[in-house]
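What follows is calculated from the coordinates using simple rules that are stated; it is not laboratory data. Owing to the predicted nature of the structure, the values given are computational and were not obtained by experimental measurement. As a convention, Cβ positions derive from the backbone with ideal geometry for all residues, glycine included, and neighbour counts pool all protein chains shown.
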Amino acid sequence: MEGCNWCFHVAASYRLWMRDYKPMYQINVEGTHNVLEAAGKAGCQKIVYTSTVGCIGLPKDNNGSFAPTDETNTATEDQMSNDYKRSKFQAEAIAMSLFRKQGLPVIIVNPSAPIGPGDIKPTPTGQIVVDFLNRRMPAYLDTGLNWVHVRDVAVGHILAAEKGRHGERYILGNKEGNWTMPKTFALLEKITGIAAPKRRIPYWVAERIAEASELVAFFTGKPPRATLAGVRMAKHKMWFDPSKAIRELGLPQTPPEQAFSDAIQWFKANGYTNPKRA
């Protein structure tokens, strides 16, 4: 990083299941400390750390109504329902500590649920689209996500370096992207012609399925089809308000419909679908 003006620390272990979570903490927590401290020593003028909306307080249930939350709602560690969120929570605390105690020019961005082209792994969010395309989504859990085009997230990082204030957090999401899963699947059905799942799985049933799936995965080493982390997150409407990033950074707001369309085209073009099914 010597001679660099900006540092973007985007790398992370983003998994909802692992046999051993120790490497996740080494990457997400220790790795964040190492990278940010090195950027400070190298004299970087802007250090953008990629966190997650998992570190933002979740919307509260007000008689079935959920108001999206913003950066002022700080989550507590007891709200960290899985190791990924817990590791990112600890890493964000390190980033803020380096800003406050050492004066490092840290700016934190909190992406919501990115969707779009180039999702090589795919990530857990991209896997939803892949499973839908391959007709491996017979039912759904009642949850909600804030969908954002992955290109808007990328641009948001650059805008954060250009305009972001040191020590501040910015939600990189979409103002119109707070969708329930039925709404999400209705759009996927409209784009693809594949029938959306109609059955909703009760949470207790999903938890038992995830437990069995993870037990099998522990012995086979293959990622489980369902994870306890995913089920526990699904109990909450993960809806967020990106107004601050729109106002202060000029965060683009590509319609979520375009994000899903771009993702579907990319997954099909790159062999993620079974031609006989998709």
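As a test, work out the antiparallel percent of DSSP beta bridges whose residues both lie in segment 6-269, rounded to the nearest 5.
Counting DSSP beta bridges with both partners in segment 6-269, the antiparallel share is about 25 percent.
DSSP loop trypsin sites (Lys or Arg not before Pro) in segment 1-46 with at most 13 other Cβ atoms within 10 Å of their Cβ, which ones?
Arg19
Hey, what do the phi angles of segment 155-167 turn into as Karplus ³J(HN,Hα) couplings, whole Hz, using 6.51/-1.76/1.60 and θ = phi - 60°, x for Gly and Pro?
Running phi through 6.51 cos²θ - 1.76 cosθ + 1.60 with θ = phi - 60° gives 4, x, 5, 5, 5, 5, 5, 6, 10, x, 8, 4, x Hz.
Excluding Glu257 itself, what net charge comes from residues whose Cβ is under 15 Å from its Cβ, given Lys and Arg +1 and Asp and Glu -1?
Counting the neighbours of Glu257, the net charge comes to 0.
Can you list residues whose amide H is under 5 Å from Ile107's amide H, if they're 5+ apart or on another chain and H is modeled 1.01 Å from N?
Ile47, Val48, Tyr49, Gly167
Label segment 34-136 by shape, choosing from rounded, prolate and oblate, from the square roots a ≥ b ≥ c of the eigenvalues of the Cα gyration tensor; if a/c is under 1.5 it is rounded, and otherwise prolate applies when a/b is larger than b/c, oblate when it is not.
Note, shape of segment 34-136 comes out oblate.
What ranking do 102-113, 193-204 get when scored by the average of other Cβ atoms within 10 Å per residue, highest first?
102-113, 193-204
Under 5 Å between amide H atoms, partner at least 5 residues away or on a different chain: which partners does Leu172 have, H built in plane at 1.01 Å?
For Leu172, the qualifying residues are Asn110, Ser112.
List, in order, the whole-Hz ³J(HN,Hα) value for each residue of segment 80-97 obtained from phi through the Karplus relation with A = 6.51, B = -1.76, C = 1.60 and θ = phi - 60°; use x for Gly and Pro.
After applying 6.51 cos²θ - 1.76 cosθ + 1.60, I find 7, 7, 7, 5, 4, 4, 5, 5, 6, 4, 5, 5, 5, 5, 5, 4, 5, 5 Hz.
Quick check: the angle from helix 256-269's long axis to the longest principal axis of the chain, C-alpha only, nearest 10 degrees?
The helix 256-269 is inclined about 70 degrees to the chain.
Starting from segment 83-117, pick out the trypsin sites (Lys or Arg not before Pro) whose DSSP state is loop and whose Cβ has at most 11 other Cβ atoms within 10 Å.
Sparse-neighbourhood loop trypsin sites (Lys or Arg not before Pro): none present.
Compute the convex hull volume of the Cα atoms of segment 68-193, divide it by the residue count, and report the result per residue in Å³ as a whole number.
Taking only Cα atoms, segment 68-193 has a hull volume of 137 Å³ per residue.
Once fully extended, how much extra length lies between Asn5 and Lys60, figured as 0.36 nm per residue of separation less the alpha-carbon to alpha-carbon distance? Before the final figure, lay out the partial values.
Working: separation 55, 0.36 × 55 = 19.80 nm, distance 4.01 nm.
The span from Asn5 to Lys60 would gain 15.8 nm if fully extended.
Once the Cα atoms of segment 6-269 are picked out, what are the Rg and Dmax in Å?
Radius of gyration, then largest Cα-Cα span, for segment 6-269: 18.3, 55 Å.
Quick check on the chain: helices-only [θ] at 222 nm, where DSSP H runs of length 4 and up contribute -39,500 (n - 2.57) each and the sum goes over total residues. Nearest 500, please.
-13000 deg cm²/dmol
Using a basic spin-label model with each label point 7 Å from the Cα along Cα→Cβ, how many nm lie between Asp131 and Glu162?
In this crude label model, Asp131 to Glu162 measures out at 3.8 nm.
With 10 angstrom as the radius, rank Asp131, Asp20 by how many other C-beta atoms surround their C-beta, starting from the fewest. Don't skip to the answer; put the middle values down first.
Numbers: Asp131 14, Asp20 6.
The most exposed by this proxy come first: Asp20, Asp131.
What's the local net charge at Asn270, with K and R +1, D and E -1, over the other residues with C-beta under 15 Å away?
On the way: positive: Lys121, Lys268; negative: Asp119, Asp262.
Computed value for this residue: 0.
In whole Hz, with x marking every Gly and Pro, tabulate ³J(HN,Hα) for segment 219-225 from phi via Karplus 6.51 cos²θ - 1.76 cosθ + 1.60, θ = phi - 60°.
Those phi angles translate into 8, 8, x, 8, x, x, 5 Hz.
Using 0.36 nm per residue of separation minus the Cα-Cα distance, give me the extension gain between Val205 and Lys235 in nm, one decimal. Mind showing how you got there, number by number?
Details: separation 30, 0.36 × 30 = 10.80 nm, distance 1.27 nm.
Full extension of this stretch gives 9.5 nm more.
Step through the table entries Lys46/Lys101; Lys46/Lys85; Lys190/Lys237; Lys121/Lys190; Lys22/Lys163; Lys41/Lys163, compare each Cα-Cα distance with 27 Å, and write down the pairs that go over it.
Lys22/Lys163
Based on the mean of other Cβ atoms within 10 Å per residue, sort peptides 229-240, 116-127 so the most packed one is first.
229-240, 116-127
Run the quick spin-label model on Ala42 and Thr74: label points 7 Å from Cα toward the beta carbon, then report their separation in nm to one decimal.
Label-label distance for Ala42 and Thr74, simple model: 2.9 nm.
Taking 1 over the mean of 1/r across every pair of different Cα atoms in segment 138-261, what Kirkwood radius in Å do you get?
Numbers: mean 1/r = 0.0603 Å⁻¹.
For segment 138-261, the Kirkwood estimate is 16.6 Å.
If the chain between Lys101 and Lys244 were fully stretched, how many nm would it gain, using 0.36 nm times the residue separation less the Cα-Cα distance?
Values: separation 143, 0.36 × 143 = 51.48 nm, distance 2.51 nm.
Going from the current span to full extension adds 49.0 nm.
Taking amide H positions as placed in the peptide plane 1.01 Å from N, state which residues far from Arg200 in sequence (5 or more) or on other chains have amide H under 5 Å from it.
Those lying under 5 Å, H to H, from Arg200 are Tyr140.
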